[in-house]
Amino acid sequence: MLVKSNPFVIFLFWLLIFNTGSVFSQNPSARFRDIFEKETRSNQESQYGNFKNTGPLSFFPDTLPEWFFQPPQSSHNNIYAIGISDPDIPEEEAIQQAFYRARVLSSMFFQSKVEYIRDIFTSNQEDVYQRGYRQRFDTFFRITSRLEADSSQFNIVEKHLTRYNEAIVLVSYMPGMPVNTVNKGISDKIISMAKLLYIEAQVGDAFEPQSSYEIISTIQDHDSQNANASYISIKKGNRELIDSEFLGKKINYPLFVYRYVNPQWPAFTRPLVSHNGLWALFAQDFLEHITLTTEQSTLRLKTLTEQTQPGLSDMLREVSSMNAKIYLKKIDFSNKNMKFEIIFEELP
């Protein structure tokens, strides 16, 4: 049976289509093209987090050099370390910051004290209002180093500037090399400390980790001039707050989708993504890796049966402490994090 069309209804239908809001009044492909042009236009600084020292940006990832993934192998007489600057810094300043960080890592690699403590709390609440199994892991890791070395014993072997104005430098530290004759007998002092605090709490099915990463350092030259730097990252769930300072200046850089790839990867491999630059991932994943490595070393265990806090009845404490030399063998990464291959040599 055919239904006779009402001309007035048809007119209202077409009037509604052509006069609805912008969401429906524009061709979908044209609308997407307009959004794409707006979001990728290089002069739209607000879309890129207000970069100040970085040129026109592209959504292509930065290809890191092969020596980043396969650095030269360290020995007792030659320590290699990699330093990375924060993003969006003028090239000369970026290299200076990366070189500083590489020297700090070199001192940690050469000789450092590594300490690890992990507290495991467990309880089984039978209270009517708070019934359920609870567990919490508190992990604290610290690595400290104090090294006297002349600046002439550190050399930049390789360097790379990413498309985000991050400097990456490969530094060689040769402790047995004769020092500069001008400063002979007066060495620079590199004092550094890196800390990691990781808290994992589970109440029933709820789970939200919290973590804090911190690297604080001072390099005092032969004229007793101090160069200070700090890097602090605090995470809770998917939220992260970063504070970076170098030579008394707070470093501000944009929150952005920073992308990196390995030149050895097959085509179309998903890049590594960091919203706070390469150093943020490098520092955090490296500290986590060393923490896990230390956890697997010789531990002293202590069980506390008394109630330490309300609702926490049992606690197991793992403790480890050693003096060590660290050798960086290899770096790799997926699209989410970095992976390190290192060797620990325990010192007396």
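The values are calculated or read from the model by the stated rules, or taken from the named source; none is laboratory data. Because the structure is a prediction, the values reported are computed rather than measured. Don't worry about glycine lacking a Cβ; one is built from the backbone with ideal geometry, like all the others, and counts go over all protein chains shown. Keep in mind that these areas ignore ligands, DNA and RNA; they rest on the heavy atoms of the full protein, side chains included. Shrake-Rupley method; radii C 1.70, N 1.55, O 1.52, S 1.80 Å.
For region 54-167, would you read off the P(r) tail past 23 Å as a percentage of all alpha carbon pairs?
Values: 3439 of 6441 pairs.
In whole percent, the share of Cα-Cα pairs in region 54-167 beyond 23 Å is 53.
At a probe radius of 1.4 Å, what is the per-residue accessible area of GLU245, in Å² to the nearest 10?
About 80 Å², ignoring ligands and nucleic acids.
Please report the net charge: other residues with Cβ closer than 10 Å to the Cβ of TYR327, K and R +1, D and E -1.
Working: positive: LYS325, LYS329; negative: GLU341, GLU345.
With Lys, Arg at +1 and Asp, Glu at -1, the net is 0.
Give, in nm to one decimal, the length gained when the segment between ARG239 and GLU341 is fully stretched (0.36 nm per residue of separation minus the Cα-Cα distance). Please list the in-between numbers first.
On the way: separation 102, 0.36 × 102 = 36.72 nm, distance 2.80 nm.
Result: 33.9 nm gained on full extension.
Could you give the alpha-carbon Rg of region 250-292 over 2.2 N^0.38 Å, rounded to two decimals?
Against the empirical 2.2 N^0.38 Å value, I get 1.39 for region 250-292.
What number comes out for the charge environment of PHE246, summing +1 per Lys or Arg and -1 per Asp or Glu over other residues with Cβ under 12 Å away?
-1
Just the Cα atoms of region 78-123, one point each, no solvent: what log10 I(q)/I(0) does Debye give at q = 0.27 Å⁻¹?
-0.93
What list of ³J(HN,Hα) couplings, whole Hz, do you get for region 236-245 from phi and the Karplus terms 6.51, -1.76, 1.60, once you set θ to phi - 60° and write x for glycine and proline?
Karplus values, whole Hz, x for Gly and Pro: 9, x, 9, 9, 9, 10, 10, 10, 10, 10.
What is the sum of charges around SER212, taking Lys and Arg as +1, Asp and Glu as -1, for the other residues whose C-beta is under 14 Å from the C-beta of SER212? The partial results should precede the final answer.
Values: positive: ARG142, LYS195, LYS235, LYS236, ARG239; negative: ASP138, GLU200, GLU214, GLU240, ASP243, GLU288.
Cβ neighbours under 14 Å give a net charge of -1.
For a Förster distance of 41 Å, can you work out the FRET efficiency between the beta-carbons of LYS249 and GLN296, rounded to the nearest 0.05?
That gives a FRET efficiency of 0.55.
With a Förster radius of 30 Å, plug the Cβ-Cβ distance of SER58 and TYR327 into 1/(1 + (r/R0)^6) and report the FRET value to the nearest 0.05.
Details: r = 36 Å, r/R0 = 1.21.
The computed FRET efficiency comes out at 0.25.
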